[in-house]
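Heads up, the thing below is written out as structure tokens.
What follows is calculated from the coordinates using simple rules that are stated; it is not laboratory data. All figures in this text were calculated on a predicted structure; none of them were measured in a lab. Every residue, glycine among them, receives a Cβ derived from its backbone with ideal geometry; neighbour counts consider all protein chains shown.
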């Protein structure tokens, strides 16, 4: 029997020990050795017996350097999820209305139930999962705020910058969850600079390979940051998050190697999978993509992969359409997935 673990309303299928994990959108390898050494040096230099800055100022300055923004317009947190929750409490709140895409980040419905806001969605229809711009703008007009994940999780597609600008011109707060933006060709800085009601969420989890550190940032103009900051606890981030942002700011070019590696493998893996009889792959600008095998439900396909020792993400909302989400792993992990896919295709 498949077991499901729940924490705080968020549910995931449990994966047996030893399986290749291509279900969590993690980096395919650890961060560069020089970066890890610098993080550990900074942690070692810190006074562990002391609290850090009450407002996270040192980490905020480092994150601002990394993302080319202003420290006063920057917040840091234990992962961008924490800052997303703070932004939704501040900008939508209980009883408000949030417009978002669907399917999208699985934590958003969880936060809607927890915070008490109403979630209205614009559906992304297979097989293209394209954003209907007219529907999005119409839905956004009736909402208190808009949340757009781009590249979108789990579909991997982007919201065009021109559409993001059109949504921002409505005058509503727009939260851009840019957790995967490094793997695309889009730069959030122009939209951020041009619109005072835009909030951009960034993370070191994906392109830097620091999912275990939980280091996220929130970028916006100062009035919005002040409002969101009221929802952040004092002394919230410790020395590890601060050191991670400091090292990333010092060694910013190191992310390029990991990103390039992931993008190359994404295209290679997607092509190899699409070449297998019966498989279809959705184009992606992230470090994952959707795929399906004609004739199988998504849960059946995920079970077939897991039987072969590879865990992929089954998606309840896309189960009947047959899709699973596949994280781009290392070359060896990706080759293993392709071998299992060929076996599934011939079952």
## Note on the structure
With label points set 7 Å from each Cα along the Cα-to-Cβ direction at residue 68 and residue 277, the distance between them in nm comes to 5.0
## Note on the structure
Taking 0.36 nm per residue of separation between residue 118 and residue 134 and subtracting their Cα-Cα distance, the length gained on full extension comes to 3.7 nm
## Note on the structure
Under a Gaussian network model of the chain whose springs join Cα atoms within less than 10 Å, the largest fluctuation of 189, 284, 299 belongs to 189
### Query
Of the residues 45, 158, 333, which exhibits the maximal mean-square fluctuation in a Gaussian network model of the chain defined by a 10 Å Cα contact cut-off?
45
#### Entry: Cα-projected label distance for residue 53 with residue 7, points at 7 Å along beta-carbon direction, nm
2.8
### Message
What do you get for the angle between helix 33-45 and the principal long axis of the chain? Use alpha-carbon atoms, 0 to 90 degrees, nearest ten.
### Response
40
### Summary
Row for segment 164-232, column shape: gyration tensor on C-alpha, a ≥ b ≥ c, rounded if a/c < 1.5 i.e. under 1.5, prolate if a/b over b/c, else oblate; value oblate
### Option label - Cα extents along the principal axes in Å computed here, alternatives (i) 62, 44, 38; (ii) 58, 50, 37; (iii) 70, 46, 43
(ii)
### With Cα atoms, 0 to 90° folded angle of helix 298-307 axis to the chain main axis
80
### Helical contribution to [θ] at 222 nm, DSSP H n ≥ 4, -39,500 (n - 2.57), averaged over the chain, rounded to 500
-11500 deg cm²/dmol
### Distance between segment 203-243 and segment 91-141 - C-alpha centres, whole angstrom
23
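Can you tell me the FRET efficiency between residue 34 and residue 162 if r is taken as the Cβ-Cβ distance and R0 is 56 Å, rounded to the nearest 0.05? Could the numbers behind the result be given before it?
Values: r = 39 Å, r/R0 = 0.69.
The pair residue 34/residue 162 has a calculated efficiency of 0.90.
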### For segment 63-199: rounded, prolate or oblate by the Cα gyration tensor [a/c cutoff 1.5]
rounded
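Which length gain, in nm to one decimal place, applies between residue 261 and residue 170 when the Cα-Cα distance is subtracted from 0.36 nm times their residue separation?
Here the answer is 29.0 nm.
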### Query
In nm, to one decimal, how far is the modelled label at residue 144 from the one at residue 300, with both set 7 Å along Cα→Cβ?
4.4
### Query
What is the calculated FRET efficiency for residue 44 to residue 196, with r their C-beta to C-beta distance and R₀ = 30 Å, to the nearest 0.05?
0.15
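How much of the DSSP beta bridge set in the chain is antiparallel, as a percent to the nearest 5?
On the way: 22 of 42 bridges.
The antiparallel proportion sits near 50 percent.
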### Task
For the chain, find the longest principal axis of its Cα atoms and tell me its angle to the long axis of helix 254-274, 0 to 90°, nearest 10.
20
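Between residue 320 and residue 187, what FRET efficiency follows from the Cβ-Cβ distance if R0 is 45 Å, with the result rounded to 0.05?
Values: r = 37 Å, r/R0 = 0.81.
It comes to 0.75.
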